[in-house]
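The values are calculated or read from the model by the stated rules, or taken from the named source; none is laboratory data. Keep in mind it's a predicted model, so treat the numbers as computed, not measured. Counting neighbours? That spans all protein chains shown, and the Cβs are built from the backbone with ideal geometry, glycine included. All accessible areas refer to the heavy atoms of the entire protein, side chains included, with ligands and DNA or RNA removed. Shrake-Rupley method; radii C 1.70, N 1.55, O 1.52, S 1.80 Å.
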Amino acid sequence: MIGQYMTRRFTQAAALVAAACAISGPLVAQPAPEPAPLGVEQIVALEALRNITDVPLIPGRGSEPFWNALRATRSLPSVRNGRETFGGLGTGKIVGGIPAQAGADPWQVALLVASQSTNVQFCGGSLIAPEWVVTAAHCVDRGTAAVDVDVLAGTHDLRSGGQRLRVQRIVRHESYVSPELGNDIALLRLGTAAPGMAIQRLRREEEGAALREAADPNNSTQVRTTGWGAVAEGGGGVSLLRTVEIPFVSREPTCNDPRSYRGRIREDMICAGRQGGGSDSCQGDSGGPATVAVGNERRLAGIVSWGEGCARALKYGVYTRVTTFEDWIVANTR
Ligand code: ARG
């Protein structure tokens, strides 16, 4: 049954296996091990899967944001995998932000669950060329296939406008393991050119001048991050794109300070946020852009990746550092 579509009506056992997979990775074949006692979150997952009767479910395939977005369509609680990386519970959406102006972030795209005819958003992304989207690897891990994902481009409103496009190919970073270990980047090759506008990536030589932390955070580089967020909070995300500006904070000493991330921020990550919290990206914003101004233009500096909870004091938002992957992007978009 591995790799086969499972449609409608799960038996309890099949649902259990699927639930376990959704939490912990690829399905392992027979014989079925004696199931460990279920935790609350697994019971929630099991209940959720039992109620999903009209979606083809492929056990073990699809990222955590993907599954949580699907569950949210049934107003069911999200599933956590025991790690604290996935946005945390409770807060939701771009925190402390405001609605984005229509057309202000024309590179922003939404990743949608392809099997759903309505726009079920599970992650964000940015157009870096008419046929290329950059997103987070954790948005398309656990065997997410190109056919599982559609891209909505050219609108800030999930309910109207824009174009829904097929994904032809997913290029996940070959060294990606989990967001906290870095390499949280993936490329989506679209079947056709997207509406909207590609954003230029921040270049290595621009980075020093573009990403500055000042003693007064108001004088630090302001990073803008945008998203439809909150898809996993049980109530669905917001349908109008939201935006927030937050100060860039240095990896050393600020973000790796013992009171913040204690050395867990690697060289291929950047941080942004306020010391007191209150403004941040959050669950469902993953894969989306963190941009900075260079002259009159905006440049893609980061990709929403992880954070401890959302908008907590000293727990800055962590973004994939785009300049680290300059060569990787060039090599893989050829
Ligand atoms: N991992 C989350 C997602 O999949 C995004 C987390 C961003 N968290 C933060 N505090 N900035 O949507």
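Checked against (1) surrounded by 14 or more Cβ atoms within 10 Å (Cβ to Cβ); (2) over 18 Å from the mean Cα position of the chain (by Cα); (3) not polar (S, T, N, Q), R189 passes all but a single condition, namely (2). In a residue-by-residue description of the range 127-134, the property of being within 16 Å of I303 (Cα to Cα) and part of a loop (DSSP other than H, G, I, E, B) applies to no position.
Here is a yes/no grid of residues against (1) open to solvent by 10 Å² or more (accessible area, probe 1.4 Å); (2) within 16 Å of the ligand (Cβ to nearest atom); (3) of a type in the set (F, W, Y):
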position	(1), (2), (3)
R251	yes, yes, no
T291	no, yes, no
G302	no, yes, no
K315	yes, yes, no
V318	no, yes, no
A331	yes, no, no
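Select, from G284, G309, the only residue that is touching a Phe, Trp or Tyr at 6+ places or on another chain (Cβ under 7 Å), of a type in the set (G, A, S) and near the ligand (Cβ under 8 Å from one of its atoms).
On the way: G309 fails: touching a Phe, Trp or Tyr at 6+ places or on another chain (Cβ under 7 Å).
Result of the check over G284, G309: G284.
Does the range 201-208 contain at least one residue that is among the hydrophobic types (A, V, I, L, M, F, W, C) and either at pLDDT 95 or above or within 20 Å of T324 (Cβ to Cβ) (or both)? Looking through the range 201-208, at least one residue is among the hydrophobic types (A, V, I, L, M, F, W, C) and either at pLDDT 95 or above or within 20 Å of T324 (Cβ to Cβ) (or both).
When A215 is tested against the conditions (1) in a loop (DSSP other than H, G, I, E, B); (2) closer than 29 Å to N68 by Cβ; (3) open to solvent by 50 Å² or more (accessible area, probe 1.4 Å); (4) out of contact with any helix residue (DSSP H, G or I) (no Cβ under 9 Å at 6 or more places or on another chain), the lone failure is (2).
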